[in-house]
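A.B. asks: Below you'll find the structure I mean.
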Amino acid sequence: MSNNNQRLVQPEIPRTIRLGFVGDCSNIPSTTSLMKFYYDSFTLSVGRGITGVFICDGKRVGQVLEGDESTMDEIWSAIAKDGRYKKINIFEKKLSNIRLYDSWNLHVKDGLIMTLLYPQCYGIVNEINADSTEEILGIMHSYSVLVESHSHA
C-alpha cells in the first residue's frame, strides 16, 4: 500500500531571467545590413526557449529577452561581444515567475523586405512603422536613463 503522506517530487524549473536593454548602433547600417542584424538576433534566440522582442531603427536598438539563466548568460555574452552594439544601457535584469512575451518577435519597419530576405523568420516578424519604432526605442531609452539615475541616487 502506498503512503499518501509522501511528497511529490517537483521537477526543477529553470530560473527565468528577464533582461531589457537599449543601446546605440556602432554604425548606421544599410537596409540589408539592418535585416542581417535582425536575422542574427533571430538565430541567437530561436529554438532556445527565448521569448521577447528585438527592435532597431539603424541608430538605436532595444531588446527584451526572457529565458533560462544559462541560456541568457550565453546570449548576453554574444551581445556584449557584438561590435554592432555601442553604449548599452540595461533597464531591467531580474528573475521572473512569469513571462511577458509568449514568443520571440522581431518588430521590423520593413517587414516585407525581412521576410523576403529571410523567409525562415516568417511568422515572427511584426511590421511596424518608423514613427512607432522611434517611439518605442525612445521609451526604452528614457526608461533606461531613469533606472540608471535611480541606481546612482
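The values are calculated or read from the model by the stated rules, or taken from the named source; none is laboratory data. Note that the structure is predicted; figures quoted are calculated from it, not measured. Here the Cβ positions follow ideal geometry from the backbone for every residue, glycine too, while neighbour counts run over all protein chains shown. Only protein heavy atoms, including side chains, enter the accessible area calculation; ligands, DNA and RNA are left aside. Shrake-Rupley method; radii C 1.70, N 1.55, O 1.52, S 1.80 Å.
A.B. asks: Identify, by number, the condition in (1) surrounded by 12 or more Cβ atoms within 10 Å (Cβ to Cβ); (2) touching a residue at least 24 places away in the same chain (Cβ under 8 Å) that ASP102 doesn't meet.
C.D. replies: It is condition (1) that ASP102 fails.
A.B. asks: Which of the residues belonging to region 50-69 are out of contact with any His (no Cβ under 8 Å at 6 or more places or on another chain), surrounded by fewer than 21 Cβ atoms within 10 Å (Cβ to Cβ) and either free of Cβ contacts under 8 Å to residues at least 24 places away in the same chain or of a type in the set (D, E, K, R) (or both)?
C.D. replies: Scanning region 50-69 gives ASP57, LYS59, ASP68, GLU69.
A.B. asks: So, one more: ILE139 fails exactly one of the following numbered conditions: (1) touching a residue at least 60 places away in the same chain (Cβ under 8 Å); (2) closer than 15 Å to VAL22 by Cβ; (3) open to solvent by 80 Å² or more (accessible area, probe 1.4 Å). What is the number of that condition?
C.D. replies: Unmet condition: (1).
A.B. asks: Of everything in region 12-49, what is more than 24 Å from SER144 (Cα to Cα) and surrounded by 18 or more Cβ atoms within 10 Å (Cβ to Cβ)? Give them in sequence order.
C.D. replies: MET35 - this is the single residue of region 12-49 that is more than 24 Å from SER144 (Cα to Cα) and surrounded by 18 or more Cβ atoms within 10 Å (Cβ to Cβ).
A.B. asks: Report, by residue number, each residue of region 105-129 that is open to solvent by 40 Å² or more (accessible area, probe 1.4 Å), without any contact (Cβ under 8 Å) to a residue 60 or more places away in the chain and outside any helix (DSSP H, G or I).
C.D. replies: HIS107, LYS109, TYR122, GLY123, ASN126, GLU127, ASN129
A.B. asks: While we're looking at this one, here's another question. Mind telling me which of the residues SER132, SER144 ends up being at pLDDT below 90 and open to solvent by less than 70 Å² (accessible area, probe 1.4 Å)?
C.D. replies: Sole residue among the options that is at pLDDT below 90 and open to solvent by less than 70 Å² (accessible area, probe 1.4 Å): SER144.
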